[in-house]
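**Student:** Here's a structure for you.
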Amino acid sequence: MSIKKISVENKQELEQMITKQIDQIEKGLTVVCSHVPINDKTTLDILCRDNSGQLVILQLNVDEDDNMLLRGIQSLDYVDKFKSFLKATYDKCKINEKKKPRLILVAPSFSETLCHAVEYMQGVNIDLYGWEYLKPPPWKPIFAWGPSEKPKEKRETKPEKKKEKEEPKPETANEEFPKFPLPTEKPEEEKEESEPERKKEPPKRKMRLF
């Protein structure tokens, strides 16, 4: 019996598959909103929150693309900027604005260049998830994903010395207005006992879920 790999060329189709099985990526994830335009070239694909209330950004791609890291960081910065707005707008989601959002990149594979870039980034929580769409006959197609191999954790570096004089920050003329959609449906009920905050696990190979 041979297992056939099925290609997914439509990003919207990939998003629907992941949204329906969001709990398979990480237990306790709840979708807050999706399709948030960050700028002319970047759109935040799926915004979630975990059991601890921490915001989680899912940036998706149907093929290997190093540029998705840049788009993910832009989405990460945008969400971090409007955490208070998100907490007030999606009040039933119980968002914890004190925690910095984290990023999950979801793609079929990741290049060494992207993995090394993630390795040397400091102060940013990024996970890489590879996905596969399999069809073992005679059953229905199976969509599976798992943590991709990540570079080893980098050593802590000594903090830089503070400058004696800080340059004044330029004043912004017009404040940017958030583009998040208003909530339309009620989110899933919060569990009474929330699970402890997710700890970083050692790198895992991509898994197939059957």
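**Student:** Kindly list the number of the only condition in (1) crowded, with 20+ Cβ neighbours inside 10 Å; (2) in a helix (DSSP H, G or I); (3) touching a residue at least 60 places away in the same chain (Cβ under 8 Å) that fails for G72.
**Tutor:** (3)
**Student:** Kindly indicate whether any position in region 95-112 is among the small types (G, A, S), within 16 Å of Y129 (Cβ to Cβ) and crowded, with 17+ Cβ neighbours inside 10 Å. I'd like the intermediate steps shown before the answer.
**Tutor:** Initially, region 95-112 is screened for residues among the small types (G, A, S), giving 107, 109, 111.
Adding the requirement that they be within 16 Å of Y129 (Cβ to Cβ) leaves 107, 109, 111.
Subset that is crowded, with 17+ Cβ neighbours inside 10 Å: 107.
Scanning region 95-112 turns up at least one residue that is among the small types (G, A, S), within 16 Å of Y129 (Cβ to Cβ) and crowded, with 17+ Cβ neighbours inside 10 Å.
**Student:** Of the numbered conditions (1) modelled with pLDDT under 90; (2) closer than 25 Å to F82 by Cβ, I3 fails exactly one; give the number of that condition.
**Tutor:** (2)
**Student:** To continue, here is another question. Select, from K98, K92, the only residue that is within 17 Å of N51 (Cβ to Cβ) and in contact with a Pro (Cβ under 7 Å, 6 or more places away or on another chain). I'd like the intermediate steps shown before the answer.
**Tutor:** Values: K98 fails: in contact with a Pro (Cβ under 7 Å, 6 or more places away or on another chain).
When all the criteria are applied, what remains is K92.
**Student:** What residue, among those in region 101-115 that are assigned to a loop (DSSP other than H, G, I, E, B) and either over 13 Å from V56 (Cα atoms) or at pLDDT below 95 (or both), is farthest from the chain's Cα centre (by Cα)? Working first, answer last.
**Tutor:** Narrowing region 101-115 to residues assigned to a loop (DSSP other than H, G, I, E, B): 101, 108-111.
Within this subset, residues satisfying the condition of being either over 13 Å from V56 (Cα atoms) or at pLDDT below 95 (or both) are 108-111.
Working: P108: 15, S109: 16, F110: 15, S111: 18 Å.
Applying the filter and picking the extreme gives S111.
The values are calculated or read from the model by the stated rules, or taken from the named source; none is laboratory data. Nothing here was measured: the structure is a model prediction, and the numbers come from that model. Neighbour counts run over all protein chains shown; Cβ positions are idealised from the backbone, glycine included.
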